[in-house]
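Here the structure comes first, spelled out in structure tokens, and everything after it is commentary.
The values are calculated or read from the model by the stated rules, or taken from the named source; none is laboratory data. Since the model is a prediction, treat every value here as computed from it, not as a measurement. FYI the Cβ positions are ideal-geometry reconstructions off the backbone, even for glycines, and counts take in every protein chain you see.
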Amino acid sequence: MTGGLFLTLCTLLLVQAVSSCPKECGCDNNAKVVDCRGRGLYDIPHKLHRDTLELHLQDNHIRGIGSMAFRETPYLRVLDLANNSITMVSPSALLGLRSLNTLILANNTIRELDRRLLGSIRNLTHLDLSHNNIVGLPGALADSFHHLTHFSLHYNRLTKLDRTHLEALGNLQVLHLASNPWKCDCNMIGLKLWLETFTFKGGVVDAVPCHEPYAMRNRDLRSVPYELFHSCMSTSYNYLFANIQHMERQQRLLRGVPYPSLDAPVEQEPECEAKPKPRPINLRHAIATVIITGIVCGVVCLMMLAAAVYGCAYAAVMAKYQRELKKREEEAGRMEKENSENKEGAKELRENAIA
């Protein structure tokens, strides 16, 4: 009798454990999905099943995510926290989520992300940080997201973005950067070069409209001519070195040779409005540069040839004119001498006749 009660109790506890689901959420035990959308939640729900693969918490009132907030769901693959009021995310909030591949934090009020937060999730393929107040990205981004394919940063407060944040994202396919107050100065040359290479390889970028300076406002960074970046003479060699380093890194990655970490300190370029000369990074710009240079050189050569021909012709005409002028002067002198001699002869004849 006692054994039967004990067995029944154990069975009930097992069933409850298997089918555990927060009372404020809906659960699909077969798909292992927990749906807590629009439930007026202020905190992450508890009593989540350990095998949960997807957790949807969008459209609530969650203000912060504490340390180890998802320790009950270590196998989580999709975490959607969009459209909440999140301002703070603990550096260890996502610790333990080794299988997480989709993280959506869109439509919150996040200003910055701790590098330790991103360092704990290294298998992400989709990261949505759009519609926040982010002003900069941590340096650990490149080291953490080697598998990232979709990255959304539109509608934030980014004014610049170092291309070292993006260079190591070798699997990136789609990047959203629109609706940020981009300051298109010399610090953005690296991003412009990276974007040109990325789109040339088939990557998708929505837009990078400049907000400053005023002369470039609303122009996409990729379409701004290099000639407009004219003020950073002192940084030309820095950019040339950076471009050479970028090309060397690409070659090393293609050959499978490791390259030094991007976390190494990099000298910061001074605030100004760009370098004077472009350094094309892709084949199309290189070919265009060669063609334009050839045309300009050809025109200059033709002008020099025309000037030489004109000079030779002018010199020949002047020489001929001088010869004819000298010849006429000699003839005029000879005729004047002959007239003088004739006059003297006539005078002598008259004098002899009178005598």
ASN180 - would you say it is modelled with pLDDT of 90 or more, surrounded by fewer than 17 Cβ atoms within 10 Å (Cβ to Cβ), on the phi < 0 side of the Ramachandran plot and part of a loop (DSSP other than H, G, I, E, B)?
no
Counting only residues that are crowded, with 18+ Cβ neighbours inside 10 Å and in contact (Cβ under 8 Å) with a residue 60 or more places away in the chain, which one in region 140-161 is farthest from ARG63 (Cα to Cα)?
ALA142
Regarding region 191-200, can at least one residue be identified that is surrounded by fewer than 22 Cβ atoms within 10 Å (Cβ to Cβ), out of contact with any Lys or Arg (no Cβ under 6 Å at 6 or more places or on another chain), assigned to a strand (DSSP E or B) and of a type in the set (Val, Ile, Thr)?
no
Strands (runs of 3 or more DSSP E) contained in region 1-118 and holding at least 2 residues modelled with pLDDT of 95 or more:
33-35, 54-56, 78-80, 102-104
Hey, among the residues in region 207-237 that are part of a loop (DSSP other than H, G, I, E, B), hydrophobic (A, V, I, L, M, F, W, C) and under 15 Å from the mean Cα position of the chain (by Cα), which one's modelled with the highest pLDDT?
VAL208
